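The values are calculated or read from the model by the stated rules, or taken from the named source; none is laboratory data. A quick note: this is a predicted structure, and the numbers were derived from the prediction, not measured. Every residue, glycine as well, gets a Cβ built from its backbone with ideal geometry; the counts of neighbours run over all protein chains shown. Note: accessible area is taken over every heavy atom of the protein model, side chains too, but ligands, DNA and RNA are not part of it. Shrake-Rupley method; radii C 1.70, N 1.55, O 1.52, S 1.80 Å.
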Amino acid sequence: MALYLLYESASGYGLFLAHGIDEIGQNTEAVRNSVTDLNRFGKVVKLAAFNPFESALDALNQQNAVSEGQMTDELRNFLELSLPKVKEGKKPKFSLGVADPKIGSHIYEETKIPCQSNEFVLELIRGVRLHFDRFIDNLKSGDLEKAQLGLGHSYSRAKVKFNVNRVDNMVIQAIFLLDTLDKDVNSFSMRVREWYSWHFPELVKIVNDNYLYAKLAKFIEDKSELSEDKLEGIVDILGDEDKAKEVIEAAKASMGQDLSPIDLINVKMFAQRVMDLAEYRKKLYDYLVAKMSDIAPNLAALIGEVVGARLISHAGSLTNLAKCPSSTLQILGAEKALFRALKTKGNTPKYGLIFHSSFIGRASAKNKGRMARYLANKCSIASRIDCFSESSTTSFGDKLREQVEERLDFYDKGVAPRKNIDVMKAAMENAANQGAEMDVDKATEHSSKKSKKKKSKDNDEAKADDKENAAVNGDAAESKSGKKKKKRALEEESKPAENGKENGTNAENGTEKKKKKKSKDVEMEDVAAVSEGKKKKKKKSAD
């Protein structure tokens, strides 16, 4: 039986024929030793067909399909054209060797081409990969390395871009940083307390909050300069006038030693750093709350943003957390105690990270284990809804929290809780109503945008129509005025010869209104000249 080898390179698909191989005595070790020698390997394996990729994008798409164990249309056409055709009802006299069993099974399901993937085939494909550039004639030196480098970069970039857990990474990093900041702020605050207590030891007993202590230490600086003038500033920091007066009175009778100005400057700078860290910690917590409301809204509504983020971080991602059963989620974070109990045959832990939830603390001592088991069950449901639901809503998380509250009342007071099916129906109705409201809002926004566009189009069309009408009216007016001018010209031509003589200038210059005015002025000048001539003749006759 002939053996064909399918090799997926960065430049295209290659099909190789391995002939002269004893199938019964296939020795993997012998093949492994002969792979490095091209003379021996080239006699056994020869290139049967090669299908290059059209572009880098095509290579990336083919590589993504191969990595997922899927056969593309290009690969199917290549195999059907290159492999020997099998008659219907007869077994094929060849097999196809592939590196990945997943794609081999998919090829067999689609084309009925028998595929195999074993150590012997993998060694042959390793030899093909080693000498691939020698099999292809037109392949220049360095082209294959460039194609592999470009495909590797684009494939890795696409994997990072389309990573399902990429949003979870932000939550995981934020909760890690939040825990680190808590430790750092506490240790730095203790250092500020110890440092400034050498100067003002009584302040530690008056102000317990670390942030307020650092702020007050920066404001007071030298206790000897503290007076009633600084009372308003201390009141603004502490928010309590009695405490502010107590601080001033304690400063007057303080037993602390004096510090030099340089020491006070260092204490002030360090207190400012502690304040900045505390403020950044608040901003980071707000960021974590916002991210959790986007990624896992139901889990955050059920158990809180910080505990939910710790669960996601410990599991590795929201998908891993959704895959965990509730029994695993219950003791998540208590692995050491669990294995120690299994080793010593002691009692296993009842809760892990979910102990930080308020529900476990509110339950009585004998009901803490029950409450932890029930809460883990609801957290598992919420994480799966957040992970696999398309729409983001907190209706399920709110209803699951109500169920946990009812279970607490049932353990404490004996009040029977609602059935789970009724609660889930109500949650689904709320989610459907929220989705309908969102659709209505989107539809109204879309319609408003459309109406605005229509109005603008109508205004533009109206303006265009007005312009067209104005142009048509102007053309009509011009045509009418032209007709009137022609009529007037004809009437003037039909007048008697006298008028023609008097209006000679008019006939010569055309039929415009201005020309008419000029003709009238000429007539008046002629009449005036005639009358003046008659007067002169009369005067001469009189003389």
Calc'd 3J(HN,Hα), the range 417-431, phi into Karplus 6.51 cos²θ - 1.76 cosθ + 1.60 (θ = phi - 60°), Hz, glycine/Pro = x, comes to x, 6, 6, 5, 5, 5, 5, 5, 4, 5, 5, 5, 5, 5, 5
For the range 230-243, in order, what is each residue's ³J(HN,Hα) by Karplus, 6.51 cos²θ - 1.76 cosθ + 1.60 with θ = phi - 60°, in whole Hz (x at glycine and Pro)? 8, 5, 5, x, 5, 5, 5, 6, 7, x, 9, 6, 5, 5
Packing rank of 222-235, 112-125, where each peptide gets the mean count of other beta carbons within 10 Å, highest leading: 112-125, 222-235
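For the range 1-125, which whole-number percentage of the solvent-accessible area (1.4 Å probe, protein heavy atoms only) is attributable to carbon and sulfur atoms?
Working: 3500 of 7090 Å².
After summing per-atom areas, the C and S share lands at 49 percent.
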Report the calculated FRET efficiency for residue 336 and residue 388 (r = Cβ-Cβ distance, R0 = 45 Å), to the nearest 0.05. 0.90
Whole-percent carbon and sulfur contribution to the accessible surface of the range 345-425 (1.4 Å, no ligands, DNA or RNA) stands at 50 percent
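How much length, in nm to one decimal, is gained on full extension between residue 398 and residue 191, taken as 0.36 nm per residue of separation minus their Cα-Cα distance?
70.3 nm
Once you have the Kirkwood Rh of the range 170-284 from its Cα pairs, apply Stokes-Einstein at 10 °C and 1.306 mPa s and quote D in µm²/s.
Details: Rh = 14.8 Å.
Translational D for this selection: 107 µm²/s.
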Could you please state how large a percent of the accessible area of the range 170-284 is carbon and sulfur, counting protein chains only and using a 1.4 Å probe? 54 percent
Between the range 175-191 and the range 118-157, what is the separation of their alpha carbon centroids in Å? 51 Å
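So with the 1.4 Å probe, I'd like the accessible area per residue for the range 153-222, rounded to whole Å².
Details: 4040 Å² over 70 residues.
Accessible area per residue: 58 Å².
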Set the Förster distance to 41 Å, then compute FRET efficiency between residue 409 and residue 242 from the Cβ-Cβ distance, nearest 0.05. 0.50
Between residue 280 and residue 252, what length comes free when the chain is fully extended (0.36 nm per residue of separation minus the Cα-Cα distance, one decimal in nm)? 6.6 nm
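Work out the FRET efficiency for residue 102 and residue 158 from their Cβ-Cβ distance, taking R0 = 22 Å, and round it to the nearest 0.05.
Numbers: r = 19 Å, r/R0 = 0.87.
With a Förster radius of 22 Å, E is 0.70.
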Descending packing, highest mean Cβ count within 10 Å first, for 315-322, 148-155 is 315-322, 148-155
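What size of dipole, in debye to the nearest 20, comes out for the range 170-284 about its Cα centre when the only charges are +1 on Lys and Arg C-beta atoms and -1 on Asp and Glu C-beta atoms?
Values: 16 positive and 22 negative charges, 101 e Å.
Roughly 480 debye for the range 170-284.
Indicate the gyration tensor shape class of the range 1-138 (rounded, prolate or oblate), computed on the Cα atoms with a ≥ b ≥ c the square roots of the eigenvalues: a/c under 1.5 is rounded; otherwise a/b larger than b/c is prolate and the rest oblate. Can you show the working numbers first?
Numbers: a/c = 1.66, a/b = 1.16, b/c = 1.43.
Oblate, because a/c is 1.5 or more while a/b does not exceed b/c.
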Provide the percentage of antiparallel DSSP beta bridges, counting only those with both residues in the range 2-160; round to the nearest 5. 70 percent
Return the long-range amide H neighbours of residue 97 (sequence gap of 5 or more, or a different chain), with a cut-off of under 5 Å between placed amide H atoms. 4, 5, 6, 116
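Which value, in Å², gives the accessible area per residue of the range 274-337 when a 1.4 Å probe is used on the protein heavy atoms?
Details: 2610 Å² over 64 residues.
That works out to 41 Å² per residue.
Highest mean first, how do 404-415, 387-398, 290-301, 348-359 rank when packing is the count of other Cβ atoms within 10 Å averaged over residues? Spell out each step's value before the answer.
Values: 404-415: 14.2, 387-398: 16.6, 290-301: 21.8, 348-359: 18.7.
Answer by packing, highest mean first, reads 290-301, 348-359, 387-398, 404-415.
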Residues of the range 1-118: accessible area per residue at 1.4 Å, in Å²? 58 Å²
Cross-link list 183/413; 283/399; 215/399; 343/413; 282/366: which exceed 31 angstrom alpha carbon to alpha carbon? 183/413; 215/399; 343/413; 282/366
Gap separating the Cα centres of the range 348-424 and the range 210-286, nearest whole Å: 44 Å
